Amino acid sequence: MTPPPSAPPAAGGRARLYRTARTAHLERAATLPPALLLFDEARYDFDPELARRVGAVQVGALGAARLVGRAGVTTLEVNEPALLDGARRTAVTLAWLGLRALLGRARPVVVTYAIDNLDPRDVREPGLRRRLARRVDLALARFVWSRCDRVAFGTPAAERMYAQAFPRHRRPLRTTVVPALPEPCGCVGDEPRAGAVFLGAFADRKGLPLLAAAWPHVARELPGARLTLVGKGPLEPLARELAQRADVDLLVDPPRDRIHAVLRSAQVLVLPSRRTARWREQVGLPIVEGLAHGCTVVTTSETGLADWLDAHGHHVVPDDGRAETVAEALAAALRTVRDPASVRADLPTADGRLAADAWMFADGDRAQPMGSGTA
């Protein structure tokens with residue numbers, strides 16, 4: 001995709017500035033109020049046709065800054081500051097808007113949705129050059145943070161991390177916490193349920209090796225239990241090896257309607273996420289989708305939703321790397337047949353991401369003069 005020769009209008013004065021775009025972002029954009037969507041890089045699962053329908057524009061950092069300045073943007077959503085990979089692009093745009101404000105142009109209200117719960121200061125890069133680059137990116141991320149007017153945190157864990165890692169604002173900053181919980185999926189009926197499903201990337205960070213080691217313990221304790229693996233990724237050979245068992249099924253990269261069908265028939269969603277040197281489970285889209293379909297969740301304390309899950313009858317275990325820990329929790333969840341309707345009853349009536357978006361953009365069409373806040 002190439003940027004247009006002139007700035008398209010920002011629908012309702014809204015624009016979203018993302019570093020990367022994937023199909024999930026485009027699907028969400030289709031459900032949110034119309035906005036100019038600018039992105040730098042398309043992910044592997046990018047849908048060009050959907051991008052065209054929602055009016056997404058692929059453009060570099062300087063081009064994005066010019067488009068935002070010319071498109072009548074009054075409220076600008078940016079990637080959360082802790083996403084250091086996007087700090088340079090966002091900082092360029094916000095610096096450009098700041099220069100325009102010094103010349104008397106109105107400055108948009110800057111908003112962000114934050115779910116990162118890994119302190120960027122804790123990440124250690126190998127090599128002097130990469131360490132210096134990360135220092136620069138962290139400084140730029142703090143600049144981006146200082147330019148934000150509204151922050152909607154998707155988890156309490158993200159709010160705690162930002163309080164520790166980012167400095168206090170020199171001007172008023174409005175914040176709120178809107179848990180990143182889904183609304184119940186409308187496709188769920190009275191289907192019979194049994195077994196567990198792993199949904200997500202076939203990768204170590206999502207806990208697939210841990211689950212592969214845990215499942216034989218579960219199967220010995222609960223003969224007849226079944227596990228379905230749904231996803232794709234570098235550990236697909238391990239998934240295929242596990243699926244050689246008679247009690248394990250495998251679906252590699254199935255279509256969305258098939259995923260919904262699997263979730264409707266599953267009793268438990270298991271995602272034993274593992275922290276790595278550079279990554280921590282922020283929320284976990286598989287967890288969100290499992291909840292929306294009434295699944296009991298088994299996961300680790302790494303997700304930012306851990307406190308909520310633990311308080312609402314799900315199974316949260318420490319990330320201790322022990323297969324026995326996962327096996328015990330998974331067996332307990334399979335033994336306790338929880339009514340899917342009770343899982344769904346705990347969810348909000350409106351999707352948390354949509355509710356956060358409504359809060360971020362509420363009354364957001366008032367352009368801000370340089371240096372003022374949203375007290």
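The values are calculated or read from the model by the stated rules, or taken from the named source; none is laboratory data. Just so it is clear, the model here is predicted, and its values are computed rather than measured. Positions of Cβ are generated from backbone atoms using ideal geometry, with glycine treated the same way; all protein chains shown enter the neighbour counts.
Would you be able to say whether some residue in region 28-39 is hydrophobic (A, V, I, L, M, F, W, C), assigned by TED's automatic domain parsing to the domain that holds Gly86, part of a loop (DSSP other than H, G, I, E, B) and in contact with a helix residue (DSSP H, G or I) (Cβ under 6 Å, 6 or more places away or on another chain)? There is at least one residue in region 28-39 that is hydrophobic (A, V, I, L, M, F, W, C), assigned by TED's automatic domain parsing to the domain that holds Gly86, part of a loop (DSSP other than H, G, I, E, B) and in contact with a helix residue (DSSP H, G or I) (Cβ under 6 Å, 6 or more places away or on another chain). Here region 167-211 is the region considered, the condition is being closer than 14 Å to Val262 by Cβ, of a type outside the set (D, E, K, R) and surrounded by fewer than 16 Cβ atoms within 10 Å (Cβ to Cβ), and the residue that is modelled with the lowest pLDDT is Pro192. Mind listing whichever residues of region 189-216 are in a loop (DSSP other than H, G, I, E, B) and under 23 Å from the mean Cα position of the chain (by Cα)? Selection gives Phe202, Ala203, Gly207. Taking every residue in region 173-190 that is touching a residue at least 12 places away in the same chain (Cβ under 8 Å) and over 18 Å from Leu291 (Cβ atoms) and pairing it with any residue that is surrounded by fewer than 16 Cβ atoms within 10 Å (Cβ to Cβ) and of a type in the set (A, V, I, L, M), at least 6 positions away or on another chain, the pairs with Cβ-Cβ distances below 9 Å are Leu173/Ala375; Arg174/Ala375. Output the residues belonging to region 85-124 that are at pLDDT 90 or above, surrounded by fewer than 21 Cβ atoms within 10 Å (Cβ to Cβ), closer than 27 Å to Pro156 by Cβ and not acidic (Asp, Glu). Those that are at pLDDT 90 or above, surrounded by fewer than 21 Cβ atoms within 10 Å (Cβ to Cβ), closer than 27 Å to Pro156 by Cβ and not acidic (Asp, Glu): Pro120, Arg121.
Only one of the numbered conditions (1) surrounded by 24 or more Cβ atoms within 10 Å (Cβ to Cβ); (2) under 27 Å from Asp253 (Cβ atoms) is not met by Arg43, and that is (1). A search for C-beta distances below 6 Å between a residue of region 92-118 that is closer than 16 Å to Ser146 by Cβ and any residue that is part of a helix (DSSP H, G or I) and charged (D, E, K, R), counting only pairs 6+ apart in sequence or on different chains, returns Leu94/Arg147; Val110/Arg147.
When you check Asp45 against the structure, is it closer than 20 Å to Pro167 by Cα and either part of a strand (DSSP E or B) or within 23 Å of the chain's Cα centre (by Cα) (or both), yes or no? In short, no.
Output the residues belonging to region 241-274 that are within 24 Å of the chain's Cα centre (by Cα), over 20 Å from Thr303 (Cβ atoms) and β-branched (Val, Ile, Thr).
Val252, Val262
Restricting attention to region 152-168, the residues that are outside any helix (DSSP H, G or I) and within 15 Å of the chain's Cα centre (by Cα) total 4.
Listed here are the residues, each with its yes/no results for (1) of a type in the set (Val, Ile, Thr); (2) on the phi > 0 side of the Ramachandran plot; (3) at pLDDT 95 or above.
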position: His312; (1), (2), (3): no, no, yes
position: Glu324; (1), (2), (3): no, no, yes
position: Ala327; (1), (2), (3): no, no, yes
position: Val343; (1), (2), (3): yes, no, yes
position: Thr374; (1), (2), (3): yes, no, no
